[in-house]
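The values are calculated or read from the model by the stated rules, or taken from the named source; none is laboratory data. This structure is a prediction, so every number in the text was calculated from the model and none was measured. Here Cβ is always computed from backbone atoms with ideal geometry, including for glycine, and neighbour counts include all displayed protein chains.
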Amino acid sequence: MKKLIRLTGIAVLLLAASGAASAGAKVSYVDTDKMTDVPRFSSDRESMEIHFREHLQRLAEKLPEGQQLNVEFLDIDLAGDQFPRVAVQDVRVLKGRADWPRMHFRYTIEQNGKVIKSGEPKLADPNYLMGTNRWDNEQYSHEKQMLEDWFRKELLGRKR
């Protein structure tokens with residue numbers, strides 16, 4: 001019995017250590033009510049926030065061990081235009097005109113509690129309906145592709 005407890009304790013310590021080594025991403029939003037174009041219903045806004053948080057956490061797994069990405073969204077303008085359809089659901093229409101996705105955020109990358117890189121990019125993709133998008137079958141696919149392109153180029157230093 002003592003051996004089982006000891007092994008369980010060691011396993012818990014190893015899991016905690018591995019979680020600390022790959023801290024991932026911390027994502028926050030500054031006043032989504034004042035952002036340019038986000039869903040109008042709070043439940044839809046929360047869903048959007050979860051989508052972007054999880055996406056950035058997946059991207060942050062590609063950072064070197066021990067680095068954490070912190071992102072603070074200042075403004076979001078989703079791809080397309082939103083039209084009220086009925087009282088409980090809106091429809092987002094993508095026309096490919098002046099309705100491209102835009103994002104403005106602050107970020108830092110920390111390692112051992114020290115900021116090693118930071119910036120405040122303003123992303124936009126006027127050609128969002130052209131080319132390939134690996135997130136096509138997901139909600140917010142154009143925004144996810146734009147974030148992934150930024151992450152790959154700016155934080156990983158890769159072109160494609």
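For the reader, a short list of remarks on this structure follows.
- Residue list for the stretch 44-98, restricted to those being modelled with pLDDT of 90 or more and either polar (S, T, N, Q) or in a loop (DSSP other than H, G, I, E, B) (or both): S47, Q57, E61, K62, L63, P64, E65, G66, Q67, Q68, N70, L78
- Within the stretch 142-154, the set of residues being farther than 20 Å from N70 by Cβ and free of Cβ contacts under 8 Å to residues at least 60 places away in the same chain comprises just one member, Q145.
- Remark: N133 matches the filter, which requires a residue to be of a type in the set (S, T, N, Q), free of Cβ contacts under 8 Å to residues at least 60 places away in the same chain and in contact with a helix residue (DSSP H, G or I) (Cβ under 6 Å, 6 or more places away or on another chain).
- Residues (within 20 Å of A98 (Cα to Cα) and out of contact with any strand residue (DSSP E or B) (no Cβ under 7 Å at 6 or more places or on another chain)) located in the stretch 122-135: D125, P126, N127, Y128, L129, M130, G131, T132, N133
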